[in-house]
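Q: Can you keep this structure in mind? I'll have questions shortly.
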Amino acid sequence: MSDPYQVLGVSRGASDEEIKKAYRELVRKYHPDNYHDNPLADLAQEKMKEINEAYDAVTKGASSGGNTGYGAYERNTSQQETQEFRGVRAAINAGSLDYAEQLLSQIRNRGAEWNYLMGCVYYRRGWMDEARSYYQKAVGMDPSNAEFRQALAFMDSGGAPYVNRSYGSPAGVDMCDLCAGLMCMNMCCRC
Amino acid sequence: MFGYVRPLKSELKVRELAQFEAAYCGLCHSLGKGFGPLSRFTLNYDLTFLSILLRSGEKTARFERRRCAVSPFRKKCVACTGGDADICAAYSVILVYLKLEDSLIDEGFFRSLPARLMRALLRGAYDKAVKRSGNFAALALDALRELHELEAARSSSIDRTADSFARILAAAAETEKDENVRRVLSQILYHVGRWVYIVDARCDAAEDMRAGRYNPLVSRFGISGGEVPEVCDRELRITLANSRAMMISAFELLPEGAWTGIIGNILYAGMEQVTEDVFSGAYRHRQKRKRTKWRVDE
């Protein structure tokens, strides 16, 4: 395993406060919300695991250990998920976009969920304009569905929240902003 | 279509600026050495970015001091060439040559004379580059043929047209050996390509409309009258922001190296600035001024 201090980007003599700060900044960067439906989500997940392990290793002496850390990756699947679309969702999650699209083209019931999943396929492919049109259609057909609304809101806010910070000023954020930001992110991007 | 991907110089560290210039010179030297002095005219910012991105695996950057025609007396600091660093020169020649061919289609005989001349002069370099770049040229030709078909059919999908162009850039990541890094690079390059295509289309939209030429954005939004309405710009901003989110989230997964700072500057700040300038019209205005200044100087 690589040096935990190096993973967190702090020196060996760093104070608890510094370590915590570095850790939180990293968590903010690699948080699952930033890699929502991203084809590289698996790499971000690995990175997050590495960061959590490093943080655990560094703080082992101080705390009781076994810190599960922020941002454990769990997919929030919709409760309304229908049988018909289970195969499509599995294909999308596995990254087989062509197969998912083929499955979708065979489905006759082209309601809100069908449009949403088409949007997911295009989003992962990087076809942002089409993806957004499909998400809009899905929300139009079923405005009460939180999953569809979130997907559209995520795109309209310009994608990953971390990206929208101004360049070169990550140090100007205090802990309050950080916590509030994480809370907002949670509200915006998940159920 | 070239020159959109550049750093925001005011935000670069002094060291990073020197590195960027060294990479620029490095690509120029690779071009001269590999493909003859004329190929040096294909040098541009976008390909410099590509060469930097392909160097992203370097933990420490290596430099050498060299003279050139532009700086014959004082030696300049140049990023080391040779080996993998030279492949970008081949890409550069191929892309500029294909771009020249592309511009011949749109123009009349006399207006296209300079492009014809330049193409004839670059022919030898192009043939050499095709041989050295594996199947990059074949991929690029295929994608461009597809793009021409879409343009001829006046496609109303910006995703489909941008995809052909984006795939060409993404193909440049193929030489990377580490699979995870290759995925990251190809994701960055795909969205850089997509962004460039759309930004370029936005930049030319008004002129294309007046000249009656095909423009993907004009077809997509069904606009006419010579101006791009605010509603369309809002949609375009969203689609561009999402592409940038994709490239930045990919960039954050790239292992830290000697060039990380510059790449970050270009993706976070440089492209942001160019996007703003293109939407406000400042970018086009600047390009025009540069061109007219050239003519006056002649």
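Here, each number is a calculation from the coordinates, and none is a lab measurement. These numbers were taken from a predicted model, which means no experiment stands behind them. Cβ: placed from backbone, ideal geometry, glycine included. Neighbour counts: every protein chain shown.
Q: Which residue is nearest to A:ASP156 (Cα to Cα), if the candidates are limited to the stretch B:202-227 and must be buried (at least 20 other Cβ atoms within 10 Å of the Cβ) and away from chain A (no Cβ under 12 Å)?
A: Going through the qualifying residues, I end up with B:ARG202.
Q: One residue is enough: does the stretch B:266-289 have a residue meeting the conditions of a type in the set (A, V, I, L, M, F, W, C), touching a Cys at 6+ places or on another chain (Cβ under 8 Å) and within 14 Å of chain A (Cβ to nearest Cβ)?
A: Residues of the stretch B:266-289 of a type in the set (A, V, I, L, M, F, W, C): B:266-267, B:269, B:271, B:274, B:278-279, B:282.
Subsequent filtering for residues that are touching a Cys at 6+ places or on another chain (Cβ under 8 Å) retains B:278.
Subsequent filtering for residues that are within 14 Å of chain A (Cβ to nearest Cβ) retains none.
Checked against the condition, which is being of a type in the set (A, V, I, L, M, F, W, C), touching a Cys at 6+ places or on another chain (Cβ under 8 Å) and within 14 Å of chain A (Cβ to nearest Cβ), the stretch B:266-289 yields no hits at all.
Q: Right, next: Every residue in the stretch B:104-159 that is touching a Ser or Thr at 6+ places or on another chain (Cβ under 6 Å), without any contact (Cβ under 8 Å) to a residue 60 or more places away in the chain and closer than 19 Å to B:ALA205 by Cβ, please.
A: Passing the criteria: B:LEU147, B:LEU150.
Q: Further question: Output the qualifying pairs, or none if there are none: Cβ atoms under 7 angstrom, residues six or more apart or on different chains, first residue in the stretch A:110-134 and over 21 Å from B:ARG167 (Cα atoms), second residue assigned to a loop (DSSP other than H, G, I, E, B).
A: Close Cβ pairs (under 7 Å, with a partner that is assigned to a loop (DSSP other than H, G, I, E, B)) amount to A:ALA112/A:ASP142; A:ALA112/A:ASN145; A:GLU113/A:THR82; A:TRP114/A:ILE107.
Q: For the condition in contact (Cβ under 8 Å) with a residue 12 or more places away in the chain, within 14 Å of chain A (Cβ to nearest Cβ) and of a type in the set (S, T, N, Q), what is the one hit in B:SER249, B:SER243? Steps first, please.
A: On the way: B:SER249 fails: in contact (Cβ under 8 Å) with a residue 12 or more places away in the chain.
Criteria check complete, one pass: B:SER243.
Q: Take the stretch B:238-254 and flag every residue that is of a type outside the set (Lys, Arg), assigned to a helix (DSSP H, G or I) and in contact with a helix residue (DSSP H, G or I) (Cβ under 7 Å, 6 or more places away or on another chain).
A: Step one: of the stretch B:238-254, the residues of a type outside the set (Lys, Arg) are B:238-243, B:245-254.
The next check asks that each one be assigned to a helix (DSSP H, G or I); those that pass are B:238-243, B:245-251.
Correct list: B:ILE238, B:THR239, B:LEU240, B:ASN242, B:SER243, B:ALA245, B:MET246, B:MET247, B:ILE248, B:SER249, B:ALA250, B:PHE251.
Q: Tell me, which residue of the stretch A:27-42 that is under 18 Å from A:SER96 (Cβ atoms) and crowded, with 18+ Cβ neighbours inside 10 Å is farthest from the other protein chains (Cβ to nearest Cβ)?
A: Looking only at the stretch A:27-42, we keep the residues that are under 18 Å from A:SER96 (Cβ atoms), and these are A:37-42.
After this cut, where a residue has to be crowded, with 18+ Cβ neighbours inside 10 Å as well, the list is A:38-41.
On the way: A:ASN38: 6, A:PRO39: 7, A:LEU40: 6, A:ALA41: 9 Å.
For the stretch A:27-42, the residue satisfying everything is A:ALA41.
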